[in-house]
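Read-outs: derived from the displayed coordinates by stated rules, not from any lab. Note that this is a predicted model, so its numbers are computed, not measured. We place every Cβ from the backbone using ideal geometry, glycine too, and count neighbours over all the protein chains shown.
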Amino acid sequence: MRNLKPFWLLAALLLSGLHSASAQNPFITNQFTADPTARVFGDRVYVYPSHDIRATPGHGRAGWFVMEDYHVFSSANLTDWTDHGVIVTQNKVPWVKPDSYSMWAPDCMFRNGKYYFYFPTTPRDTTISKGFTVGVAVADKPTGPFVPQPLPIKGVRGIDPNVFIDKDGQAYLYWSQGNIYGAKLKENMLELASEPKTLGELPTKGLKEGPYVFERKGIYYLTYPHVENKTERLEYATSTSPLGPFTVKGVIMDESPTGCWTNHHSLLQFKNQWYLFYHHNDLSPKFDKNRSVRIDSLSFAADGSIRKVTPTLRGVGLTDARQKIQLDRYSHLSKQGAAIAFLDTANTFQGWKTNFTGGSGWVQYNGVAFGSKKPKTVSLRGISTAGAILQIRLDNATGPVVAEVTVPKGSTWQEVKAPVTSFKPGIHALYVAPKSSTAAVEVDWVRFE
């Protein structure tokens, strides 16, 4: 699932300790990530997620959420993502209980030339709090280095900090602990300026957490995960004031169809389009405490209501035709004759493959940018025990055939090439299917050159 980069860029990333990631969902595939807070700083989007890891003896609680540090990721186009590495880690924060592995959902905000990173965790001093509290780390750049404050924010007990700055310059901190709370922040962004207020107009049944507040056209939106039944769905309420009273309006995203217990999100507008950042357990389907972050487009109705978002694998952004196109992150897939599976169930970070099992199987991947110059060849990584020919069309099942790629008979993965015979400049969907209805073939990726 990695993007092709020029050699000099790959070398620079390796030397600097940075790593590249790709688009599609999930958009980070080299580690587990959850609870993504997305912010626009300058001309880039920065995502501050929590970092799930697997428990090992002496390191975290088995069967539960285990988190010891935070990374930050950034992108200029929501397609090519850079991992800037660890910015805060549990045993380098003075007030944190050592080896607590409870660095849960964070946030980050810019003010007065500084970046303020808010994170919840367990304090070593139980006189501060017997549960979670919220601390702040400060940096001159959105990627750090972040310097943690010596003590957490006084008067805050809970998780999932979220910061909102209103048009008048007043900053607010929101968090959850059974209920959802809000309070004004002082100008220094490090202390409360008012007593916490319980935002009490929300549903009383079921868990509520993960507040994320924003303003659009004079409407204040309080968005939050809520367990209406067994797992979390994303809901929202609106108000004419940052601290309410709020009126529950509806659902942003339904419960996970595969039973992932949590969801946690943020919303932002970037280049005139709104997006929903959220998580699912794509890379860990049997253990929903190891999650992965996703993005999908979001829109509003004329009355300001949020249209419900349907999760996709394709995600957002354009894919350069000269990068590896992961067909398994499809836009559409036939109901029969095609299925998605892990390349290696023992190492899910390697990503997925598309299995064509005969019949009328096909896959369609939207948003491929070809540009104006015709590529000479198409490469494909595939495997077929009996051999197969794959047809690659533009746009749909009746679109022009741009190439026919032969995957020779064999029991190992092969990278094969074929000439591009037809071409249309611009942005197109790819439609890929075996030429023979009886052919069985597996495909990892496709790339034009």
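Here the Karplus relation 6.51 cos²θ - 1.76 cosθ + 1.60, evaluated at θ = phi - 60°, turns the backbone of the range 45-58 into coupling constants of 9, 10, 10, 10, x, 7, 10, 6, 9, 7, 5, 10, x, x Hz, with x for every Gly and Pro. Label separation (Asp99 vs Thr126): 1.8 nm, computed from points 7 Å beyond Cα along the C-beta direction.
Extension gain for Asn112 to Gln149 (0.36 nm times residue separation, less C-alpha to C-alpha distance): 11.6 nm.
Between Ile389 and Ser422, residue separation times 0.36 nm minus the direct Cα-Cα distance comes to 10.2 nm.
Could you order peptides 233-244, 278-289 by the average number of other Cβ atoms within 10 Å of their residues, highest first? All intermediate terms of the calculation are to be shown ahead of the outcome.
Working: 233-244: 18.3, 278-289: 19.9.
Order by mean packing, descending: 278-289, 233-244.
Counting other C-beta atoms within 10 Å, and keeping those with at most 13, which DSSP coil trypsin sites (Lys or Arg not before Pro) do you find in the range 331-419?
Numbers: sites: Lys335, Lys353, Lys373, Lys376, Arg381, Arg393, Lys409, Lys417; in loops: Lys335, Lys373, Lys376.
Here the sparse-neighbourhood loop sites are Lys335, Lys373, Lys376.
Mind running the shape call on the range 21-298? Use the C-alpha gyration tensor, a ≥ b ≥ c as the square roots of the eigenvalues: rounded below 1.5 for a/c, prolate if a/b tops b/c, oblate otherwise.
Working: a/c = 1.15, a/b = 1.04, b/c = 1.10.
Here the range 21-298 falls in the rounded category.
Using a Förster radius of 25 Å, what is the FRET efficiency between Phe342 and Ala62 based on their Cβ-Cβ separation? Nearest 0.05, please. Could you put the intermediate results ahead of the total?
On the way: r = 23 Å, r/R0 = 0.92.
With a Förster radius of 25 Å, E is 0.60.
In the structure shown, the pairs Lys184/Lys271; Lys197/Lys249; Lys141/Lys249; Lys376/Lys435; Lys208/Lys286; Lys197/Lys271 are assessed against 32 Å; a Cα-Cα span above that value is assigned to Lys141/Lys249; Lys197/Lys271.
Take each peptide in 325-333, 118-126, 94-102, count the other Cβ atoms within 10 Å of every residue, and average; sorted highest first, the result is 325-333, 118-126, 94-102. Each residue of the range 246-252 was assigned a 3J(HN,Hα) from its phi angle through the Karplus curve 6.51 cos²θ - 1.76 cosθ + 1.60 (θ = phi - 60°); the sequence is 9, 10, 5, 10, x, 10, 8 Hz, with glycine and proline shown as x.
As an exercise, use a Förster radius of 41 Å and the Cβ-Cβ distance of His332 and Ser411 to find the FRET efficiency, rounded to the nearest 0.05. Could you put the intermediate results ahead of the total?
Values: r = 30 Å, r/R0 = 0.73.
The formula returns an efficiency of 0.85 here.
For the range 275-398, the square roots of the Cα gyration tensor eigenvalues, ordered a ≥ b ≥ c, give a/c of at least 1.5 with a/b no greater than b/c, which places it in the oblate category. Label positions at Asn179 and Gln273, each projected 7 Å from the Cα along the C-beta direction, are separated by 4.0 nm.
Calculated mean residue ellipticity at 222 nm for the chain: -500 deg cm²/dmol, from DSSP H runs with n ≥ 4 weighted as -39500 (n - 2.57), summed, divided by the residue count and rounded to 500. Taking the C-alpha atoms only, the angle from helix 7-16 to the longest principal axis of the chain is near 30 degrees.
Out of the range 133-178, which trypsin sites (Lys or Arg not before Pro) are coil in DSSP terms and have no more than 14 other C-beta atoms within 10 Å? If you can, show how the numbers build up before the last one.
Values: sites: Lys154, Arg157, Lys167; in loops: Lys154, Arg157, Lys167.
Passing both the DSSP loop test and the Cβ count: Lys154, Lys167.
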